[in-house]
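The values are calculated or read from the model by the stated rules, or taken from the named source; none is laboratory data. The structure displayed is predicted, hence computed values, not measured ones. Here the Cβ is made from the backbone with ideal geometry for all residues, glycine too, and neighbour counts use every protein chain on show. To get the accessible areas, we keep the full protein, side chains included, count just its heavy atoms, and leave off ligands, DNA and RNA. Shrake-Rupley method; radii C 1.70, N 1.55, O 1.52, S 1.80 Å.
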Amino acid sequence: MAKDSDYGVNDLGLKIATVNGTGSASANGLLLQALFRMGIPVSGKNVFPSNIQGLPTWYEVRVNKDGYTARSPDFQLVVAMNPESYARDIEEVVSGGWVLYDNTRKLDDEFRRDDVTFLGIPLAGMCVEHFQGSRIRILMKNITYVGALVALLDIDMDVVKGMLQEKFAAKQHLMDANFTAIALGHEYAEEHFDCPLPIRLEAMDQTRDCVMVTGNAAAALGCVYAGATVGAWYPITPATSLMDGFTEYCHRFRVDPDTGKNNFCILQAEDELAAAGMVIGASWMGARAFSPTAGPGISLMSEFIGLAYYAEVPCVFFDIQRTGPSTGMPTRTQQSDLMLCAYASHGDTKHIVLFPADPKECFEFSVQAFDLAERFQTPTFVVSDLDIGMNDWMIPKLEWDDSFKPDRGKVLGADELEKAENFYRYLDLDGDHIPPRSLPGVHPKGAYFTRGSGHDKYGQYTEDSDAYVEVMDRLLAKVKSAADRVPAPEVYRTDGGLGVGIVSIGGCHWAVLEARDTFAAEGVHLDYLRIRGFPFNETVEQFLKDHDTVIVIEQNRDEQLKNLLLLETSCAKEKLQSVRYYGGQPLSKGYVIEGVTPFLTREHEEAKQ
Amino acid sequence: MSYIKKPVARHPKLKVNSLGLTVRDYEGSMSTLCAGCGHDGVTAALIQAFFELEVEPHRLAKLSGIGCSSKTPSYFVSEAHGFNAVHGRMPSVAAGANAAHRDLLYVGISGDGDSLSIGLGQFCHAIRRNVNMLYILENNGVYGLTKGQFSASADIGSTSKGGVVNRQGPIDPVNTALSLGATFVARSFSGDKDQLVPIMKSGLRHNGFAFVDVISPCVTFNDHQGSTKSYAHTRSHMHEVIETDFVPLRSEITTEYSEGSMQSVTMHDGSVVKLHKVAGEYDPTDRRAVLDYLVDVGSRGEIATGLLYLEEAGDDMHGFENTVDEPLVEIPFADLCPGSKALEEVQKEWW
Ligand SMILES: Cc1ncc(C[n+]2csc(CCOP(=O)(O)OP(=O)(O)O)c2C)c(N)n1
Ligand code: SF4
Ligand SMILES: [Mg+2]
């Protein structure tokens, strides 16, 4: 049994188990925001079912004074509100931890554990007594457990009350109900338990320059800032909230004040094939256009993606990855579309892909994606995932440079076309593999036929081998040349490294960083490189050269990142080792440590001593 | 911006339009379709329509899917931008293009395979969206390019070249368009240029999705006896219901029709479409009545042609989406990017 001394202030994994559709999301959000406003590094991860009402759902809160906000490796406190999932929820508490539950109904003995403390509160009973109507009772039950947590964890009550006041400023009756519920839980806990628990919290000053946001909201804002005017989509979890965000920000920033008309056009397509077609059509006209989707959508878009690649139409796609294959587990996360996006479509194709690790990069990479797409006249993917896209992340405040000018790439204007002797769409004039393009409606000399069928460098239909190969070779060189323009990998080197390096990607980053620090504390120093863009640049190649063993950590079954590295670098297969977690949850440091340890040789073990 | 084409050597007697262009300036590259293919008749009519409408070539965007029919855009207006999409998916490209640049004139060419099989969904949704474009379906009852398989427009009982009888019922694109709420619906025949040209001109001036189903025989795979999409069958079974006269803005009305047999519709740009009723009682603005009539005529194996239905008042896609009048592609970046102060403001809500 764990002793009190095992717990520190501001170091806590908290899991709240509820039933979806009962309004627990807003209670949990309130809790998370309160901790954030107390200045404590925090993250929230929503584990929800693909269902609208009635199934188990969990919310995991990680508080960590050192700023580690990857998924909590363990849970000291579980709020068990769903009898259906009692068994597994109670089992998840660490030995010596606490379970807060609703004791309006007696807890079955089978769920009892000797090594954890049960904190029973008659939540339903109190709510029935104090509120009228079943809906409000259900909602307030959630707020009541927040009230209890305020006492148990020593959360700043003023912060919580302040937030309720902000939120319900216009709805007095709701504010009153929330205040009552908070007080009910708080008073009950104060009276019956030894508050605060040893896992208590304390105000810090670590979140002052930070914001709390989801990756999809940040990416949506990035699209607005990039100047995207056309968005096309078909609803799919976990990408929907990206278009919801874009819609919201457009209505806020893009409505012409004089006419009330929109400086944007959002088309809800009949499917992802159509969404891709719309994006390509708009981009062909010279607009910045994009579509957010998930793996199933990319599968459907593939034929069109090949057209855009071959006909060199810039366009931007967001793949907010979820657990595949097929429909898979739509509300769980994974990194299993890496290969799909890198080579989407039949025939020889290769695409520019950006891999954000948090909402800050979602914002920045969306802006960059449009620049890259237009510079290289090719489909560009921002590959995020459900964890980054839909969960709340604490990130440094976003910044914007007002002198930013978008890179629209090589586009010939009317004057240039007028002066030009002739215009050939696919003729590389200066050896950078990127022929200038013309836009419809600008000048008769700019006219050409955009086609996915065989064409020569003059833009003419062809079935001639040499003419075909010439264009295909240039396309390969063109996309390869983007390697130095995609976000560079982030490299962490150590003095006295062991010749072992880690390579990882996207949202794995935070668990890898944390595990790496844990290893370092034991004297095992590991170099680390985080891939942020594809095609890979020279830094990636060099990192692989510099290490005898490279452990690739990723969230899919088939070692997709590892295989991409083998395909696209000169690295020897024997060098690369693989650590994979693909169960659908965000990665936590435990998996990394467990996965990496077997690859550390006796030498490394000795280094520890 | 307007560009007057430099005079090229041309027949001195060729008529010149107000842009200084002759009908030949609206041609494209040489057709590579089979000699006698109906699709070439559609091309010829389109060229005439663009010339007469005095369309600026570079302000035209021509799109298509995949098929023999979808090759057509190469054969007209070489100074217009073209887009050969993937099979059956041209409508979405057109919708996206139009969303970005509403000031261009859009013409989409498709086939019966392209629009009624693989692309039926996109065809239907372009109608619902009322994308402002002229949409021509070159209908031959077969997949020409893949060598003559039955398409979804093949009639029950129609036979293939090899003698196979089609048993599945057809998807009638005109009835489909009407039932989905299309605002401009016509049917014509590639061999009837006189009927086609005014319909195409009217369609190009229509504010919304202008659909023209053109029976366009495939001489190689579906022009034999027993086919209901052959030249001979079409000629002997078609009858014109409405004769269309397109009167551009500011021109005199020359054709005279007797009172009561004519309805005129003023188009978005002020031009007028005169609909002369050939077949007695027929109201081309009454959707229900038109559908009933067509089902009736169709059940007798007859092919009713003409501009069958027209409704000009509604909103197109941009009306539904409330987009600004100016093309989105022309809005300067400064008006699109909210800037650093706004970013500060947004982030206050993320705290
Ligand atoms: C995804 C896909 N499947 C199949 C094809 C092969 N294909 C090319 S054209 C065509 C049928 C075209 O028929 P239709 O639209 O009626 O045009 P037509 O040739 O008769 O004018 C098919 C099936 C293709 N290009 N793409
Ligand atoms: S195969 Fe048929 S549709 Fe194709 S070009 Fe020949 S005649 Fe026309
Ligand atoms: Mg056909």
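When peptides B:215-223, A:297-305 are ranked by their average number of other Cβ atoms within 10 Å per residue, the highest-first order is B:215-223, A:297-305. Relative to the dominant Cα principal axis of chain B, helix B:287-299 is inclined by about 30°.
Summing Cβ point charges (Lys, Arg +1; Asp, Glu -1) relative to the Cα centre of segment A:490-608 gives a dipole of roughly 280 debye.
The alpha carbon centroids of segment B:137-201 and segment B:269-295 are separated by 20 Å.
Mind checking which of B:A232, B:A45, B:A334 has the largest fluctuation in a GNM of chain B, springs on alpha carbons under 10 Å? Greatest mean-square fluctuation among the candidates belongs to B:A334. In chain A, excluding the sites themselves, the longest stretch lacking any of the trypsin sites (Lys or Arg not before Pro) that are in a DSSP loop with at most 10 other Cβ atoms within 10 Å is A:209-609.
Using a probe of 1.4 Å, the accessible surface attributed to B:Y293 totals some 50 Å² when neighbouring protein chains are kept in position. Element breakdown for the protein assembly as shown at a 1.4 angstrom probe: carbon and sulfur atoms account for 49% of the accessible area. Counts of other chain beta carbons within 10 angstrom of each beta carbon in peptide B:117-129 average 2.
Loop-located trypsin sites (Lys or Arg not before Pro) across segment B:147-202 with a Cβ neighbour count of 13 or fewer within 10 Å are B:K147, B:R167, with loop assigned by DSSP. Angle of helix A:215-226 to the longest C-alpha principal axis of chain A, folded into 0 to 90 degrees and rounded to 10: 40°. Each Lys and Arg contributes +1 and each Asp and Glu -1, all at the Cβ; summed about the Cα centre of segment A:30-151, the dipole is approximately 560 debye. In plain terms, the chain from A:V469 to A:H173 could stretch by 99.4 nm, reckoned as 0.36 nm per residue minus the Cα-Cα distance. By the compact-protein rule of thumb, 2.2 N^0.38 Å, the alpha-carbon radius of gyration of segment A:4-192 corresponds to a ratio of 0.97. Surface listing: A:Y310, B:Y135, A:Y458, A:Y492 arranged by accessible area from highest to lowest gives A:Y458, A:Y492, A:Y310, B:Y135, probe 1.4 Å. Ligands, DNA and RNA are left out, and with a 1.4 angstrom probe the accessible area of chain B is 40 Å² per residue.
Among the residues of A:249-258, the average count of other protein chain beta-carbon atoms within 10 Å of the residue beta-carbon is 3. Site pair A:E538 and B:S340 shows an inter-label distance of 3.3 nm when each label is modelled 7 Å from Cα along Cα→Cβ. Of A:I266, A:I40, B:I66, the order by accessible heavy-atom surface (1.4 Å probe, DNA, RNA and ligands excluded), from most exposed downward, is B:I66, A:I266, A:I40. Neighbouring Cβ atoms from other chains, within 10 Å of the Cβ of residues in A:560-572, number 0 on average. Per residue, chain A exposes 37 Å² of solvent-accessible protein surface, assessed with a 1.4 angstrom probe and all protein chains in place.
Full extension of the chain between A:L476 and A:V411 yields a length gain of 21.3 nm, computed as 0.36 nm times the residue separation minus the alpha carbon distance.
Electrostatic tally near A:L100: other residues with Cβ closer than 13 Å to its Cβ, Lys and Arg +1, Asp and Glu -1, net 0. Cross-link check: pairs A:K457/B:K71; A:K480/B:K71; A:K15/A:K360 evaluated at a Cα-Cα cut-off of 22 Å; pairs beyond the cut-off: A:K480/B:K71; A:K15/A:K360. If only the Cβ of Lys and Arg carry +1 and only the Cβ of Asp and Glu carry -1, the dipole of the protein assembly as shown around its Cα centre is close to 1720 debye.
Residues of segment A:148-188 with amide nitrogen under 14 Å from the 7 Å Cα-to-Cβ point of A:T104? Counting backbone N atoms under 14 Å from the label point, the list is A:181, A:185. In segment A:308-386, taking the dipole from charged Cβ atoms about the Cα centre, the farthest positive-side position among A:T331, A:V353, A:F381 is held by A:T331. When chain B is treated as a GNM with alpha-carbon contacts under 10 Å, the residue of B:N17, B:N84, B:N130 showing the greatest mean-square fluctuation is B:N17. With a ≥ b ≥ c the root eigenvalues of the C-alpha gyration tensor of the protein assembly as shown, is it rounded (a/c under 1.5), prolate (a/b larger than b/c) or oblate? Because a/c hits 1.5 or more and a/b exceeds b/c, the protein assembly as shown counts as prolate. Backbone phi angles across segment B:80-86, fed through the Karplus curve with coefficients 6.51, -1.76 and 1.60 (θ = phi - 60°), yield HN-Hα couplings of 9, 5, x, 9, 9, 7, 8 Hz in residue order; Gly and Pro are listed as x. When the Gaussian network model of chain B links Cα atoms closer than 10 Å, the mean-square fluctuations of B:R205, B:R250, B:R89 top out at B:R250. For chain A, the longest principal axis of the Cα atoms and the long axis of helix A:465-480 meet at an angle of about 40 degrees. When B and A come together, around 5400 square angstrom of accessible surface is lost from both chains combined, probe 1.4 Å.
When segment B:161-292 is described by a simple charge dipole with +1 on each Lys and Arg Cβ and -1 on each Asp and Glu Cβ, the residue from B:N222, B:H233, B:M200 located farthest towards its positive end is B:N222. What the Cβ-Cβ distance of A:E418 and A:M339 gives, at R0 = 35 Å and to the nearest 0.05, is a FRET efficiency of 0.20.
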